[in-house]
Structure formats: C-alpha cells, structure tokens
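Novice: Handing you this structure, nothing more for now.
The values are calculated or read from the model by the stated rules, or taken from the named source; none is laboratory data. Remember, it's a predicted structure, so these values are computed and weren't measured experimentally. Here the Cβ positions follow ideal geometry from the backbone for every residue, glycine too, while neighbour counts run over all protein chains shown.
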Ligand code: LIP
C-alpha cells in the first residue's frame, strides 16, 4: 500500500490519522467555544489584509501540544508557529484556521487542517469544519472520507460545464492579475466560486461539490491535508506543466477536467511568474 515509503514500526498512518483527528477536533472545539465576542485582529503578516487572530495562534499551540504529548520527536510546519525539524522523520503541517478572514467575519467556511508527512510524503490528513459539521479524512492509498463516509470526485466534464472555485492572494497587485484571469475564464466555465479556504475547496472537489479548484499563492499548510483528501477521492492535484502542486499554482480536478482547466489557465497566462 505504501509504494516506496519505508515506514518504521512506530509510524503507522492510521495511528497518525487518529492523533491528527483528535488534535483537529480539540482545536475546532476551542475556536468555536472560546471565540471572544469581540474577536479582533491580533496582527497582520504579508499585507494589511493578511490577518491573524489570537485564536489562530491559540489553536496551533493546542495542536502542537496534543501531538508532542504522544510523539515528542516529531517536527512541525505551522502557519503561525513556523517550522521545527524534529528527529523522527514525521512532520505535522498545520493550518489552525484555514479561512481566517471568514472566521473573523463570522462566516462558516473555515477549518482546522492537519497533514502528516513521513519522509516528506503526506500519508494522512484531516480537515475539520466545525460550523459545517464536517470532518474530512484521508490515508494515502486507502481512500478519503467525510464524517466516516467515503467521498469521490465527480466524473470529468468539459470546461464549459465545470463549476470551478478559486482564491485570491493578500497583495493588491497579485489580486489584480488574478481578477483579470478570472474575468477571462468566466465565460468559459459553468461558474466560479470563491469560498475563502483552500482546504475546504479541495475537500469540495473530493466530495464532488466542485468540478475543479485552482489558486496561485497558497502555502503548504493551506493544502497539505486537502490535497491528499482530493487525491484519495480520485482527483488529480498538481501544478503547471507537470509540476507538483505548490505556491506557483494548485489545480485540483478529475483528470479530464484537470487538463482542460490547466490548458485554459496557461492560455490565459496564469503560469506567468511575474505576479
Ligand atoms: C486562505 C486560503 C485561501 C486564500 C486566502 C487565504 P488562510 O488561507 O485558504 O485559499 O484564498 O487568501 O490565504 O490565510 O485563511 O489560512
């Protein structure tokens, strides 16, 4: 099942998933039940609109603590806490609140996202969306689930019939270019959705609620778990010109739709590197 992946005895992806789900549910409870009524912006990052709340940092600390209590030698890459290498070869890729702006504004489309890597390969992932009542999980080679029920991506479709989601960065210049690409793409697809959380957009592809998703500028923590969930649900997740999904571009869609969306985005210059 784990093609080419040497897993030492104490690294069992199912056990990693159980711990990831436990930590994600604890963090999800915290960000809902302990959300201050007057929640505000604690600080900003890459731009004035790239915000962090005290709940983002609190939730990440909670997740790290839950993991370290059981696996003290593991490493981390977290949106708020940064990277710690660890000694076990296992790394936890954490977005404590994906969709922070939605969370700040009281919109329900936010989630706790945790991907677990062994030797650099994501082998387990969880995306917990407390206000949507949904917990997506996946184990590499074993499938993907929502609230324990298997999920499957939609069959491929032509671009004209595709419901596609995307997202926009925090820098004005990038947003201007992304807006131009969406304006040109709009007449060529069924419609566009902007949910505000890459993790939930990838899970929506996995659950057959979208035909595709694409975005420039996401980070590993936004997509680590969602990419595995979409892949295990039968979607292709990748970048431009055969590259892996990453900051330059994430595209997720069933195979046929992936190719059509990829080629349309290239035609529209979305693979340019100057934005
Ligand atoms: C969000 C991403 C989303 C993107 C937003 C933001 P965050 O992550 O999930 O896809 O469009 O601009 O980056 O900042 O809420 O963790």
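Novice: Determine whether residue 58 is buried (at least 17 other Cβ atoms within 10 Å of the Cβ), more than 18 Å from the chain's Cα centre (by Cα), farther than 27 Å from residue 119 by Cα and modelled with pLDDT of 95 or more.
Specialist: yes
Novice: Among the residues of region 159-175, how many are in contact (Cβ under 8 Å) with a residue 40 or more places away in the chain and assigned to a helix (DSSP H, G or I)?
Specialist: Number satisfying all stated conditions: 5.
Novice: Can you name the residue in region 97-109 that is more than 7 Å from the ligand (Cβ to nearest atom) and in contact (Cβ under 8 Å) with a residue 60 or more places away in the chain and, of all such residues, is nearest to the chain's Cα centre (by Cα)?
Specialist: This residue is 109.
Novice: Tally up the residues in region 211-234 that are within 13 Å of the ligand (Cβ to nearest atom) and under 18 Å from residue 166 (Cβ atoms), please.
Specialist: Step one: of region 211-234, the residues within 13 Å of the ligand (Cβ to nearest atom) are 213-227.
Within this subset, residues satisfying the condition of being under 18 Å from residue 166 (Cβ atoms) are 213-219, 222-223, 226-227.
Of the residues in that region, 11 qualify.
Novice: A follow-up question, please. Within 22 Å of residue 263 (Cβ to Cβ), more than 12 Å from the ligand (Cβ to nearest atom) and in contact with a helix residue (DSSP H, G or I) (Cβ under 6 Å, 6 or more places away or on another chain): is that true of residue 151 in this structure?
Specialist: Against the criterion (within 22 Å of residue 263 (Cβ to Cβ), more than 12 Å from the ligand (Cβ to nearest atom) and in contact with a helix residue (DSSP H, G or I) (Cβ under 6 Å, 6 or more places away or on another chain)), residue 151 does not qualify.
Novice: Restricting attention to region 116-145, which residues are more than 16 Å from residue 28 (Cβ to Cβ) and in a strand (DSSP E or B)?
Specialist: Of region 116-145, the ones more than 16 Å from residue 28 (Cβ to Cβ) are 116-124, 138-145.
Once the filter is applied, which keeps residues that are more than 16 Å from residue 28 (Cβ to Cβ) and in a strand (DSSP E or B), region 116-145 yields 116, 117, 118, 121, 122, 123, 124, 138, 139, 143, 144, 145.
Novice: For residues that are away from the ligand (no atom under 12 Å from the Cβ), in contact with a helix residue (DSSP H, G or I) (Cβ under 8 Å, 6 or more places away or on another chain), more than 16 Å from residue 102 (Cβ to Cβ) and part of a loop (DSSP other than H, G, I, E, B), tally how many sit in region 28-53.
Specialist: 3
Novice: Go through (1) out of contact with any strand residue (DSSP E or B) (no Cβ under 6 Å at 6 or more places or on another chain); (2) in a strand (DSSP E or B) for residue 156 and report which single condition fails.
Specialist: Going through (1) out of contact with any strand residue (DSSP E or B) (no Cβ under 6 Å at 6 or more places or on another chain); (2) in a strand (DSSP E or B) one by one, residue 156 breaks only (2).
Novice: Restrict the check to region 64-72 and report whether at least one residue is under 24 Å from residue 143 (Cα atoms) and either crowded, with 20+ Cβ neighbours inside 10 Å or within 18 Å of the chain's Cα centre (by Cα) (or both).
Specialist: There is at least one residue in region 64-72 that is under 24 Å from residue 143 (Cα atoms) and either crowded, with 20+ Cβ neighbours inside 10 Å or within 18 Å of the chain's Cα centre (by Cα) (or both).
Novice: Let me ask something else. What pairs come up if the first residue lies in region 194-217 and is within 26 Å of residue 51 (Cβ to Cβ), the second is within 7 Å of the ligand (Cβ to nearest atom) and part of a strand (DSSP E or B), and their beta carbons are under 8 Å apart, counting only those six or more places apart or on different chains?
Specialist: From residues that are within 26 Å of residue 51 (Cβ to Cβ), the pairs are 197/98; 198/98; 198/215; 199/95; 199/98; 200/98; 201/215.
Novice: If I filter region 161-194 down to residues being surrounded by fewer than 20 Cβ atoms within 10 Å (Cβ to Cβ) and within 29 Å of residue 143 (Cα to Cα), which single residue comes out as nearest to the ligand (Cβ to nearest atom)?
Specialist: Ranking the candidates gives 194 first.
Novice: Separate question: From (1) under 9 Å from the mean Cα position of the chain (by Cα); (2) on the phi > 0 side of the Ramachandran plot, pick out the condition that doesn't hold for residue 241.
Specialist: (1)
Novice: Turning to a different aspect of this structure: So for region 247-256 (the condition being surrounded by fewer than 18 Cβ atoms within 10 Å (Cβ to Cβ), in contact (Cβ under 8 Å) with a residue 24 or more places away in the chain and part of a helix (DSSP H, G or I)), does at least one residue qualify?
Specialist: yes
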